[in-house]
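Taken together, the values in this text are just the output of simple stated rules run on the coordinates, not laboratory data. For clarity, every value in this text was computed on a predicted model and none was experimentally measured. Quick reminder, even Gly has a Cβ in these numbers, built from the backbone with ideal geometry, and neighbours come from all protein chains shown.
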Amino acid sequence: MTGEGIVEYKYISLEKEAGLGIVTISRPAALNALNRDLSSELLSVFTEIEQDKEIRVAILTGIEKTFIAGADILEMKDKNSKEALDYLTDTRAFMDKIYNLSKPVIAAVNGYAFGGGMETALACDLRIASEKAKFGLLEINLGVIPGAGGIQRLVRLIGMTKAKEMLFTGDIYDALSCYEMGFLNKVVPHDELMKEAKALAQKISDKSGVALHYAKKAINAGSDLSLPAALELDESLFALCFDSYDQKEGMTAFAEKRKAVFKNK
Ligand code: CO8
């Protein structure tokens, strides 16, 4: 579907509104636990968002008191290691899709973000949370560890000290503590979560999509490289901006003392 409107999946919806793609997860019977179908739908929706030229920034949120309460424990409890690896495929795939998406993705965390839910928030670029949100890597309490990228992303984001504490204790943390750890960009009153998330998304969506893509790539790919290699990456992405319409428009608008109108190309 192009233009404004809502696309419904079984467990999620995609609302397209003024350049934003708002994905809402709704599996209330299991507190939005990531079962196979939900993971596969999340992979599909972010593939759709990548391809939709009208969506410039995505927001991911949940319903009621839950963002995502983790992977579906009942669905995975009897698996052996080979089956667990296979089970992980779609979950890792949708999180990697979000992480590598050419557009910014904002997690608007409305409530519980446990286990795979916290890993999902970690795969997003920015995280705004309701003051009622709760976070935790609870896997240790179940005899497992996070497997979908959350460990490495958390360490890179907040450092080993707090990451090991979260992983080893399986404790639940409130939004303010997570903000202080550097895990969240902002904590807002519960009723203002979507208003704040949309305002941030709108502000970003006015920028050049080309420059946003390269900025995200420079940070994500650069953080896996040595400093000299990362600086080379920054340099080459900077140069590539000069092949875009948006660079010409941005600098011409400055010279003409007017606001740039970017076309994301
Ligand atoms: N999986 C399956 N069902 C769940 C899950 C879950 N993660 N979380 C909640 N539910 C279900 C409950 O079983 C319950 O179902 P029912 O009504 O049929 O009994 C329903 O949701 C409501 O839950 P509660 O009654 O427990 O609700 P409360 O408000 O009392 O408690 C909690 C909320 C604290 C969130 C509690 O439900 C809880 O502790 N849930 C489990 C949280 C957790 O441990 N998450 C980590 C899961 S492991 C994981 O994420 C590993 C990721 C690895 C990578 C991904 C691999 C695919």
Pairs, first closer than 30 Å to P189 by Cα in the range 85-109, second among the basic types (K, R) and within 12 Å of the ligand (Cβ to nearest atom), C-beta under 8 Å, six or more apart: none
The one condition in (1) under 17 Å from the mean Cα position of the chain (by Cα); (2) at negative phi that G182 fails to fulfil: (2)
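For residues that are assigned to a strand (DSSP E or B) and more than 13 Å from the ligand (Cβ to nearest atom), scanning just the range 101-112, find the one that is surrounded by the most Cβ atoms within 10 Å (Cβ to Cβ).
Pass one, the range 101-112, residues assigned to a strand (DSSP E or B): 105-109, 112.
Narrowing the set further to residues that are more than 13 Å from the ligand (Cβ to nearest atom) leaves 105-109.
Values: V105: 24, I106: 24, A107: 30, A108: 29, V109: 32.
Checking each candidate, the answer is V109.
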Of all residues in the range 248-259 being small (G, A, S) and free of Cβ contacts under 8 Å to residues at least 12 places away in the same chain, the one that is farthest from G209 (Cα to Cα): A255
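How many residues does the range 1-40 hold that are in a helix (DSSP H, G or I) and in contact (Cβ under 8 Å) with a residue 40 or more places away in the chain? Reasoning before the result, please.
The initial filter retains those residues of the range 1-40 that are in a helix (DSSP H, G or I), namely 28-30, 36-40.
From the residues that got through so far, the ones that are in contact (Cβ under 8 Å) with a residue 40 or more places away in the chain too are 30, 36, 39-40.
Counting residues in the range 1-40 that are in a helix (DSSP H, G or I) and in contact (Cβ under 8 Å) with a residue 40 or more places away in the chain gives 4.
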Top-ranked residue in the range 75-100 [being within 11 Å of the ligand (Cβ to nearest atom) and not in a helix (DSSP H, G or I); ranked as farthest from R127 (Cα to Cα)]: K79
